[in-house]
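A short worksheet on the structure shown next.
The values are calculated or read from the model by the stated rules, or taken from the named source; none is laboratory data. Everything numeric here is computed off the predicted structure, so don't read it as measured data. Counting neighbours? That spans all protein chains shown, and the Cβs are built from the backbone with ideal geometry, glycine included. Surface accessibility is based on the protein's heavy atoms, side chains included, excluding ligands, DNA and RNA. Shrake-Rupley method; radii C 1.70, N 1.55, O 1.52, S 1.80 Å.
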Amino acid sequence: MESCPGLYCGRTGDNLSDCGGCPRGYRVNETTKVCVPCDADMSNYDWLFLGAMALTAVLAHVFAINFYGGKSQRKLFYGLSYLSAVVECFMAGIVSLLIFDPKGSLNLKFCGVKRLSDWYTLFCNPKTPNYISTIHCTQEAVYPLYTVVLTYYLFCLIMFLLLRPIITIKFSSNKSGSTPLFFGLYVIPILVVVYAVLGGLLYYSFPYLFLFGTLWATAAVLNYNDIETPRKLFKSRETLCIILLHCFLYGYSIAAITKGVRLENSGLYFILVPAPIFFYMVTIDFTNPKRFTD
């Protein structure tokens, strides 16, 4: 029997059918060219990747509430909106994990990621040996990393529509409270499109995107709020909460960059978490334009 061409074409069933794409939840064995069930365990890096994709939805909602909620809103509205954003995404994540194999478990069985092309099998369909036609072997070779994230965003949208309008109607003091609601209706579909197109690139680059994005955000927040010393930082509760969130993201990025190895093997790296904040405060006096006059 001839071997199937290409990286992702295989045979299925007891009678080993013609070469084609493997069913959902299967991946071709590169040696035998037979589709086999995916039963690999998720690595720490894979879980961190899923967590990062989940965090993007939470951070987008928090950003919308903080910047578009309106300065005249009551603190209760902000508190409930933040809580709702976290609860929505947490519930969406739990439901998404439960409906994937093994069903009813918070664990996942997946096919593994070996190369960037695993995310884009649509572009890897081989030609027949005589180069007359194309063998269509498009499949989710990284199952379930694609579908579980897209499913998560779907449930995020459902939970968002169920919970957030109630908070906006009951606790918003003016029309500006509805702006984060409309923002959420736009941002989740945008996240779906971005992930569908760039999922493979994000898989390899998300630790660095998180790290450099948080570095920029930290500098922007401290500069916007005119925070130049630790004393000023601790006096501003809102800014302090944002900076603590940034510290969490720094630590998360470091964990992902080190591939999620055991903490005792990479714990020294986490000492660097507050380093960008201290560096900003130490050097701000040398870079502040206000200190320079004509």
Most mobile of PHE183, PHE206, PHE49 in a GNM of the chain (Cα contacts under 10 Å): PHE183
No solvent, one uniform scatterer per C-alpha: report log10 I(q)/I(0) for region 185-233 via the Debye equation at q = 0.18, 0.31 1/Å, two decimals. -0.73, -1.03
Taking region 152-270, the equivalent ellipsoid from its C-alpha gyration tensor has semi-axes in Å, biggest first, of 29, 25, 13
Tell me the volume per residue, in Å³, of the convex hull enclosing the alpha carbons of region 1-68. 129 Å³
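Of VAL148, VAL113, VAL282, which has the most accessible area and how do the rest follow, probe 1.4 Å? Kindly include the intermediate steps, with their values, before the conclusion.
Values: VAL148 5, VAL113 40, VAL282 100 Å².
Solvent-accessible surface, decreasing: VAL282, VAL113, VAL148.
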Counting only Cα, what are the radius of gyration and maximum Cα-Cα distance Dmax of region 122-161, in Å? 16.7, 53
For region 180-267, the charge dipole (Cβ of Lys, Arg +1; Cβ of Asp, Glu -1; about the Cα centre) points to a positive end, and the Cα of ASN225, PHE248, LEU185 closest to that extreme belongs to PHE248
Taking the Cβ-Cβ separation of THR283 and PHE90 as r and a Förster radius of 35 Å, what is the calculated FRET efficiency to the nearest 0.05? 0.40
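Under a 1.4 Å probe, what is the accessible area of the chain per residue, stated in Å²?
Values: 16760 Å² over 294 residues.
Per residue, the chain has 57 Å² of solvent-accessible surface.
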Among PHE67, TYR204, CYS38 - extreme Cα towards positive end, dipole of the chain, charges at beta-carbon: PHE67
Amide H to amide H under 5 Å from VAL36: which residues, 5+ apart in sequence or cross-chain, H placed 1.01 Å off N in plane? ARG27, VAL28, ASN29
So if I restrict to the alpha-carbon atoms in region 21-122, what is the Rg, and what is Dmax, the biggest pairwise distance, in Å? 19.1, 66
Nearest-20 debye value, the chain charge dipole, Cβ charges on Lys, Arg, Asp, Glu: 940 debye
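For region 149-189, compute Rh as the Kirkwood radius over C-alpha pairs and then the Stokes-Einstein diffusion coefficient at 20 °C and 1.002 mPa s; write the answer in µm²/s, rounded to an integer.
Working: Rh = 10.7 Å.
Result for D is 200 µm²/s.
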With 0.36 nm assigned to each residue of separation and the Cα-Cα distance removed, ASP18 to LYS259 gains 82.9 nm
Inter-label distance for LEU209 and LYS103, nm, one decimal - labels placed 7 Å from Cα along Cα-to-Cβ: 3.2 nm
Given a Förster radius of 30 Å and the C-beta distance between VAL197 and LYS170 as r, what FRET efficiency does 1/(1 + (r/R0)^6) yield to the nearest 0.05? 0.20
Would you mind getting me the FRET efficiency between PHE123 and ALA220? Use the beta-carbon distance for r and R0 = 35 Å, nearest 0.05. 0.40
Can I get the semi-axes of the chain's equivalent ellipsoid? Compute them from the C-alpha gyration tensor as square roots of 5 times the eigenvalues, in angstrom, largest first. 44, 24, 17
Extension gain (nm, one decimal) between VAL36 and ILE158, 0.36 nm per residue minus Cα-Cα: 40.5 nm
Too-long pairs where the Cα-Cα distance tops 26 Å, listed order kept, from LYS109/LYS259; LYS170/LYS235; LYS33/LYS127; LYS103/LYS127; LYS232/LYS259; LYS75/LYS175: LYS170/LYS235; LYS103/LYS127; LYS232/LYS259
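Based solely on its DSSP helices, what 222 nm [θ] is calculated for the chain when runs of n ≥ 4 H residues each add -39,500 (n - 2.57) and the sum is averaged over all residues, nearest 500 deg cm²/dmol?
Values: 8 runs with 166 residues, N = 294.
Rounded to the nearest 500, it is -19500 deg cm²/dmol.
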Express the carbon and sulfur contribution to the solvent-accessible surface of the chain as a percent, rounded to the nearest whole number, probe 1.4 angstrom. 68 percent
Roughly how much of GLU2 is accessible, in Å² to the nearest 10, using a 1.4 Å probe? 140 Å²
Using only the alpha-carbon atoms, what does region 80-195 span along each of its principal axes? Please give whole angstrom values in decreasing order. 70, 31, 19
